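The values are calculated or read from the model by the stated rules, or taken from the named source; none is laboratory data. Note that the structure is predicted; figures quoted are calculated from it, not measured. With ideal geometry, Cβ positions are generated from the backbone for all residues, glycine too; neighbour counts draw on all protein chains shown.
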Amino acid sequence: MTASGAGGTAVMVFIAMLGAATVNSQAPETFTGTASVRKGGARVSAPFTVTIARYASATERDAVMKAVRHDGNAGAHKVLATMKDAGVLQVGDRRTPIKFAAERPTGAGRLVTVLTAEPVLFIGGGLPDAKPRNGFDLALAILDLQQDGGTGELVPAAKVGVDAGGALLTEDYGALVVWLHDLVRAK
């Protein structure tokens, strides 16, 4: 994985979200908003919900990072698949179990990251019948939550890795970014 896209594949680099800093929020908690994709003048959107039943322990964070560092995406998938469900990520009617949820403080709020052990959906690659491609067997959502709401990004089918500096690298199955808008904590 590199920090540049190739062949229409979007590659995103995220600061090491698996670090030890936490905000100590109380789970369970639910965030709702809208997931949208735009291509040219067309925009498609769907309701988006993340329900977090529990945040990862330091031991779980370390296990995921060790697996990614030693065995890349395959290692992450193997470890995530063995973890107890940590919640549910839902886009439209599609519900996918969350296996890992972590949070970090930011200047004005917090960054919540969730990982699944299976893709949510495949965007691109010959829609509407986009087929799985080898290795794109995880999903990742990053929620940037502020006091007055939040935004984020969803990588519905991803490969993950770690660079030499410890930053999580995410390679997206498709070339379109799924943006998360109007995120709020459900009451």
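The residues of region 58-81 that are of a type in the set (A, V, I, L, M), buried (at least 17 other Cβ atoms within 10 Å of the Cβ), under 12 Å from Leu138 (Cα atoms) and over 14 Å from the mean Cα position of the chain (by Cα) amount to a single one, Val79. Lys84 - would you say it is more than 19 Å from Leu169 (Cβ to Cβ), among the basic types (Lys, Arg) and either buried (at least 17 other Cβ atoms within 10 Å of the Cβ) or without any contact (Cβ under 8 Å) to a residue 40 or more places away in the chain (or both)? Spelling it out, Lys84 is indeed more than 19 Å from Leu169 (Cβ to Cβ), among the basic types (Lys, Arg) and either buried (at least 17 other Cβ atoms within 10 Å of the Cβ) or without any contact (Cβ under 8 Å) to a residue 40 or more places away in the chain (or both). Among the residues of region 136-174, those that are touching an Asp or Glu at 6+ places or on another chain (Cβ under 8 Å), under 22 Å from Ala108 (Cα atoms) and not small (Gly, Ala, Ser) comprise Ile142, Thr151. Do we have Val44 as hydrophobic (A, V, I, L, M, F, W, C) and touching a residue at least 60 places away in the same chain (Cβ under 8 Å) here? No, not satisfied. Here is a check on your reading of the model: is Ala158 under 12 Å from the mean Cα position of the chain (by Cα), modelled with pLDDT of 90 or more and more than 23 Å from Ser36 (Cβ to Cβ)? In short, no. Please go through region 172-186 and pick out each residue that is modelled with pLDDT of 85 or more, of a type outside the set (Lys, Arg) and assigned to a strand (DSSP E or B). Those that are modelled with pLDDT of 85 or more, of a type outside the set (Lys, Arg) and assigned to a strand (DSSP E or B): Val178, Trp179, Leu180, His181, Asp182, Leu183, Val184. Within region 160-174, identify whether any single residue is within 11 Å of Leu115 (Cα to Cα) and either small (Gly, Ala, Ser) or in contact with a helix residue (DSSP H, G or I) (Cβ under 7 Å, 6 or more places away or on another chain) (or both), and answer yes or no. Yes, region 160-174 contains a residue that is within 11 Å of Leu115 (Cα to Cα) and either small (Gly, Ala, Ser) or in contact with a helix residue (DSSP H, G or I) (Cβ under 7 Å, 6 or more places away or on another chain) (or both).
Looking only at residues in region 98-110 that are under 14 Å from Ala56 (Cβ atoms) and either of a type outside the set (A, V, I, L, M) or touching a helix residue (DSSP H, G or I) at 6+ places or on another chain (Cβ under 7 Å) (or both), the one that is surrounded by the fewest Cβ atoms within 10 Å (Cβ to Cβ) is Arg104.
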